[in-house]
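Participant: Pasting a structure below so you can have a look.
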Amino acid sequence: DPRSDPARFVHRVVTNWSNGTDNIYFRDYDPYVTFAQNMPLVRAYQLAIEIPWHKEIGVRGYTPEATANSWFTSGINFWIRSRYYWDAKSDIKAVMEEYCRGMFGDAWEPMYDFFDALARRTIESPAFRHGDQVLPRLYSVEFVEGLDFYLQTAERLASTDREKARVEMWRLCQQHMLKYLTLREAEQRGDFVAAATLGD
C-alpha cells in the first residue's frame, strides 16, 4: 500500500530478500493487528493480492499464527490461505462464495456481503500497525452498526440450527465490536471514567 510508510518498508524488505534467495518462508499473523480482542480482520482481498505476489518472488511456504482467541473470527483467513496456497490463481470471489455457502447455507449471500464489507476495510484503509491501536482506524461505530443490514437478512434466511448458530456467532461478534469501539471512543475523548465503566 503506497499510502503507508510501514507497508512500503515491508515491501522493500521482502523484495530485497527475494533478490538474494529463492528459499523464503514467512511466519506471520492472522488476524495481523489484534491480540485477544477477537475482532474480525478479514484479509480476503489482501491475501488474494499478497500470496500470488509471494509466489512470483520465490516464497515457498508459510507458518501463519492466529493471535485471536477465537478460531471463528480468523477462520475465513485460513480458508482463503489454504485455497491460495494450493492455487495462487484462484478467484477470490469464488473462494469466498464457497466458504459462505458451506458455512451459512441459505443465508450465504448476506453473509458474503458481510465479509466483503469487512474485507474491503482492510484494503481501503491505510492503517498498517500491529496492536489494538489500529482497530478504531479500520472500523467506526457507524460502520459496524451498518453491518446490521447483512446480519438481519442472514438471520431471516438461515434455515437449519447450524446455520442459525453460525449467523448468531457473527451477531455476537458484531456486538462485541460495538462495545469495544464505544469504549475506545470514550478513551480517545479523554473520558476515562466512561471508558472504565464500559470496560467493566
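Participant: Check Tyr29: other-chain or 5+ apart residues with amide H under 5 Å from its amide H, H built from backbone geometry?
Facilitator: For Tyr29, the qualifying residues are Glu65.
Participant: Ignoring ligands, DNA and RNA, what percent of the 1.4 Å accessible area of the range 124-200 is carbon and sulfur?
Facilitator: On the way: 2450 of 4570 Å².
That share works out to 54 percent.
Participant: Any idea what the relative contact order of the chain is, in percent, if you count C-alpha pairs under 8 Å spaced at least 6 apart?
Facilitator: Numbers: 248 pairs, mean separation 42.5, N = 200.
It comes to 21 percent, rounded to a whole number.
Participant: So, one more: Per residue of the range 102-113, what does 6.51 cos²θ - 1.76 cosθ + 1.60 with θ = phi - 60° give for ³J(HN,Hα)? Whole Hz please, x for Gly and Pro, Karplus curve as stated.
Facilitator: The phi angles translate into x, 7, 10, x, 5, 9, 5, 5, x, 6, 4, 5 Hz.
Participant: Whose amide H sits under 5 Å from the amide H of Tyr62, counting only residues 5 or more places off or on another chain, with H placed in the peptide plane?
Facilitator: Counting only residues 5 or more places away or on other chains, the set is Phe26.
Participant: DSSP loop chymotrypsin sites (Phe, Trp or Tyr not before Pro) in the range 74-109 with at most 11 other Cβ atoms within 10 Å of their Cβ, which ones? Mind showing how you got there, number by number?
Facilitator: Numbers: sites: Phe78, Trp79, Tyr84, Tyr85, Trp86, Tyr99, Phe104, Trp108; in loops: none.
Of the chymotrypsin sites (Phe, Trp or Tyr not before Pro), not one in the loops of the range 74-109 has a Cβ with at most 11 other Cβ atoms within 10 Å.
Participant: Given the whole protein assembly as supplied and a 1.4 Å probe, what does the accessible area of Leu198 come to in Å², nearest 10?
Facilitator: That residue has around 90 Å² of solvent-accessible surface.
Participant: Mind checking which lysines have their C-alpha under 27 Å from Lys179, skipping anything on the same chain fewer than 8 residues away?
Facilitator: Lys164
Participant: Using a 1.4 angstrom probe, figure out how much accessible area the range 102-200 has per residue, in square angstrom, rounded to the nearest whole.
Facilitator: Working: 5290 Å² over 99 residues.
Computed with neighbouring chains in place, this is 53 Å² per residue.
Participant: Through the Karplus equation 6.51 cos²θ - 1.76 cosθ + 1.60, θ set to phi - 60°, convert the phi angles of the range 164-169 into ³J(HN,Hα) values in whole Hz; use x for Gly and Pro.
Facilitator: Couplings: 4, 5, 6, 5, 4, 4 Hz.
Participant: Any idea what the relative contact order of the range 84-200 is, in percent, if you count C-alpha pairs under 8 Å spaced at least 6 apart?
Facilitator: Values: 90 pairs, mean separation 29.6, N = 117.
Answer for the range 84-200 is 25 percent.
The values are calculated or read from the model by the stated rules, or taken from the named source; none is laboratory data. In this text, all values refer to a predicted model and were calculated from it rather than measured experimentally. Note that each Cβ is placed from the backbone with ideal geometry, even for glycine, and that neighbours are counted across all protein chains shown. Protein only, heavy atoms only, side chains kept; ligands, DNA and RNA dropped before computing areas. Shrake-Rupley method; radii C 1.70, N 1.55, O 1.52, S 1.80 Å.
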